[in-house]
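Report on the following structure.
The values are calculated or read from the model by the stated rules, or taken from the named source; none is laboratory data. Model, not experiment: these values are computed from the prediction. In this analysis, Cβ positions are derived from the backbone assuming ideal geometry, glycine residues included, and neighbour counts consider all displayed protein chains. Quick note on the areas: whole protein, heavy atoms, side chains included, nothing else; ligands and nucleic acids left out. Shrake-Rupley method; radii C 1.70, N 1.55, O 1.52, S 1.80 Å.
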Amino acid sequence: FGKSWLQDWQLHAIATLTSGPPFTVAILPDIDQSNTGRSNLGFGTNDRPNASGDGSLSAGDRSEDRWFDTAAFSFPAFGSFGNAGRNILDGPGYKDLNLGVTKILPVADARLQLRLEIFNVFNRANFALPDAFLGSPTFGRILSAGAPRRVQLGVKALF
């Protein structure tokens, strides 16, 4: 391979670490508990339930099947509004590392760039927000996650 094989390498990395975004527990849009004729006010604010506590669980008690304490939320009396606040719970955090390695190879009057890219290097499950609608059969459960590890190899001609 020789000395030139060891030259013109580049390593690229992008790390993303975020805490969980806040979210609001609401009542299913199909249920008009407030009896206002509009359970969904048109800007994403559904009727809210009553909260008998903060609803959060400790990190060790959280799982995909039970992200928050669903028993802390109940339907308010018909014709009234619930007392649960906006954005009172936090969703799962996000951690991701993407790596790229490139190598430039001279070929005649041009160059070839060999590129290996790995997304979600540690193959971490980055969960979506849980179902936050009281009245839903999956209330409190996380039903989806982000993409798993992906690897791609590419070749690019540079003139």
inquiry  = Quick check on the chain: what does the Kirkwood estimate of hydrodynamic radius come out to from the alpha carbon pairs, in Å?
reply    = 19.3 Å
ask   = If you take the beta carbon distance between ARG124 and THR24 as r and set R0 to 35 Å, what does 1/(1 + (r/R0)^6) give as a FRET efficiency, to the nearest 0.05?
value = 0.85
message = With viscosity set to 0.692 mPa s at 37 °C, what whole-number translational diffusion coefficient in µm²/s follows for region 108-159 from Stokes-Einstein and a Kirkwood radius over Cα pairs?
response = 226 µm²/s
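In Å², and per residue, what accessible area does the chain have when probed at 1.4 Å with the other protein chains present?
On a per-residue basis, 64 Å².
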query = How big is the charge dipole of the chain about its Cα centre, in debye rounded to the nearest 20, if each Lys and Arg gets +1 on its Cβ and each Asp and Glu gets -1 on its Cβ?
reply = 780 debye
ask   = Protein chains only, probe 1.4 Å: how do LYS156, LYS103 rank by accessible area, largest first?
value = LYS156, LYS103
ask   = What percentage of the solvent-accessible surface of region 6-159, computed with a 1.4 Å probe over protein heavy atoms, is contributed by carbon and sulfur atoms?
value = 55 percent
query = Given H placed 1.01 Å from N in the peptide plane, which residues other than close sequence neighbours of LEU28 have an amide H under 5 Å from its amide H?
reply = LEU134, SER136
note = Taking placed amide H atoms and a strict 5 Å upper bound, the residues 5 or more places from ARG66 or on another chain that come that close are ILE142
request  = Rounded to the nearest 0.05, what FRET efficiency do GLU117 and LEU57 give with R0 = 35 Å and r taken as the Cβ-Cβ distance? Could you check?
outcome  = 0.45
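Using 1/(1 + (r/R0)^6) with R0 = 41 angstrom and r between the beta carbons of PHE159 and ARG66, what's the FRET efficiency to the nearest 0.05?
On the way: r = 57 Å, r/R0 = 1.39.
The pair PHE159/ARG66 has a calculated efficiency of 0.10.
Subtract the Cα-Cα distance of LEU17 and ALA145 from 0.36 nm times their separation in residues, and report this length gain in nm to one decimal.
Going from the current span to full extension adds 44.5 nm.
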